[in-house]
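Engineer: The structure's right below; bear with me while I get my questions together.
Nothing in this text is a laboratory measurement; each read-out follows from the coordinates by a stated rule. What you see is a predicted model, and the numbers here were worked out from it, not measured in a lab. Neighbour counts are summed over all protein chains in view; Cβ atoms, including those assigned to glycine, are modelled from backbone coordinates with ideal geometry.
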Amino acid sequence: MEVLLLGTGAADGIPNPFCRCATCTDHRERGELRTPTSVLVDGRLLIDPGPEAPRQVSRYGRDLTGLVAVLAGHAHSDHLDPALLMHHSWVTESPLEVVGPEPVVAWSRQWLDGDQTAISFRSVTAGDTTDVAGYRVTVLAANHEAFGEACCYLIEDDSASVLYATDTGLLPEATFSALTGTRADLVLLEETFGPRTDKGDRHLHLATFGQTVARLRELGVVSESTRVVAVHLAHDNPPLAQLGAELAEFGAEVLPDGTVITLG
């Protein structure tokens, strides 16, 4: 399984163009651009494509001609910009399925003419296990809200498994229960707020990120061979060198946009 990190940032990315904090300055001076979190799996499953997704794909020399499905966790625009579906309809009639909780489907349908047939929609909810683009996908409850339900996902094939958990605060107990008995080769876990603990409970900060990783280790989801990567990073985090050191204490890492992770 090939996992391409198209983006690893929060909605505003890093640097935020309106900001000169230490983290934005660090990224700006090093010439690193961290764009909204999005992931391409094996060229056929696109997860959380926000408004920058088409350029993200092109930036790394890829295309979406083999795309089979879009999987979105919730209906915030940095996680799904339905304009992508129009771009698809302008050039191809190849089938494309859009999968996500009901608000994702309802919002996406509004962007397409009623007579198009290439794009199909499927609503899922926490507790479902279903096939998406040839992967076994377990739908998990997130601690988040976006005009209704928000979800995280466990994505598996015969070679590897990925736990994709963004956006979310501390995961609900139902999600930990659903993950019991599973093992992930890769965990993409959001870490939005860095040391800030005063910005609400719908995203993780460094302390709750560490608590989540520890709980996943207790359950056996995370083992010694599992890679844990922090994503959905906002500029509330410290500059890169410091952030990397702090994440290492949890057995986690921070990677740049465009990183390819090969599993299995």
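Engineer: For region 151-170, give me the residue count where each residue is under 12 Å from the mean Cα position of the chain (by Cα) and either in a strand (DSSP E or B) or aliphatic (A, V, I, L, M) (or both). Write out each step before concluding.
Structural biologist: Narrowing region 151-170 to residues under 12 Å from the mean Cα position of the chain (by Cα): 151-155, 162-168.
Next, only the ones that are either in a strand (DSSP E or B) or aliphatic (A, V, I, L, M) (or both) stay: 151-155, 162-165.
Here the count works out to 9.
Engineer: Give the residues of region 111-131 that are of a type in the set (Asp, Glu) and surrounded by 13 or more Cβ atoms within 10 Å (Cβ to Cβ), sorted by residue number. Full working, then the answer.
Structural biologist: Taking region 111-131 as the starting set, the residues that turn out to be of a type in the set (Asp, Glu) are 113, 115, 128, 131.
Correct list: Asp128 only.
Engineer: Would you pick out the residues in region 135-150 that are hydrophobic (A, V, I, L, M, F, W, C) and assigned to a loop (DSSP other than H, G, I, E, B)?
Structural biologist: Listed by number, the residues that qualify are Ala142, Ala146, Phe147, Ala150.
Engineer: I'd like the full set of residues that are at negative phi, without any contact (Cβ under 8 Å) to a residue 60 or more places away in the chain, in contact with a Leu (Cβ under 9 Å, 6 or more places away or on another chain) and small (Gly, Ala, Ser), limited to region 32-81.
Structural biologist: Ser38, Gly50, Ala53, Ala72
Engineer: Here is a list: Ser108, Ser89. Which entry is over 13 Å from Pro49 (Cβ atoms) and surrounded by 13 or more Cβ atoms within 10 Å (Cβ to Cβ)? Spell out how you get there, then give the answer.
Structural biologist: Working: Ser108 fails: over 13 Å from Pro49 (Cβ atoms).
So the residue among Ser108, Ser89 that is over 13 Å from Pro49 (Cβ atoms) and surrounded by 13 or more Cβ atoms within 10 Å (Cβ to Cβ) is Ser89.
Engineer: How many residues, within region 1-56, are more than 21 Å from Glu190 (Cα to Cα) and part of a helix (DSSP H, G or I)?
Structural biologist: 6
Residues checked against (1) of a type outside the set (D, E, K, R); (2) without any contact (Cβ under 8 Å) to a residue 40 or more places away in the chain; (3) not in a loop (DSSP other than H, G, I, E, B):
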{"residue": "Glu97", "(1), (2), (3)": "no, yes, yes"}
{"residue": "Val104", "(1), (2), (3)": "yes, yes, yes"}
{"residue": "Thr117", "(1), (2), (3)": "yes, yes, no"}
{"residue": "Thr125", "(1), (2), (3)": "yes, yes, no"}
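Engineer: What is the number of the single condition among (1) in contact with a Gly (Cβ under 6 Å, 6 or more places away or on another chain); (2) buried (at least 16 other Cβ atoms within 10 Å of the Cβ); (3) not aromatic (Phe, Trp, Tyr) that Glu190 does not meet?
Structural biologist: If we test Glu190 against (1) in contact with a Gly (Cβ under 6 Å, 6 or more places away or on another chain); (2) buried (at least 16 other Cβ atoms within 10 Å of the Cβ); (3) not aromatic (Phe, Trp, Tyr), just (1) comes out false.
Engineer: Please verify whether region 202-219 includes one or more residues that are over 16 Å from the mean Cα position of the chain (by Cα), assigned to a loop (DSSP other than H, G, I, E, B) and surrounded by fewer than 18 Cβ atoms within 10 Å (Cβ to Cβ).
Structural biologist: No, region 202-219 contains no residue that is over 16 Å from the mean Cα position of the chain (by Cα), assigned to a loop (DSSP other than H, G, I, E, B) and surrounded by fewer than 18 Cβ atoms within 10 Å (Cβ to Cβ).
Engineer: While we're on this one: Before we move on, is Gly61 surrounded by 17 or more Cβ atoms within 10 Å (Cβ to Cβ) and part of a loop (DSSP other than H, G, I, E, B)?
Structural biologist: On the way: surrounded by 17 or more Cβ atoms within 10 Å (Cβ to Cβ): no; part of a loop (DSSP other than H, G, I, E, B): yes.
Judged against the criteria, Gly61 is not a match.
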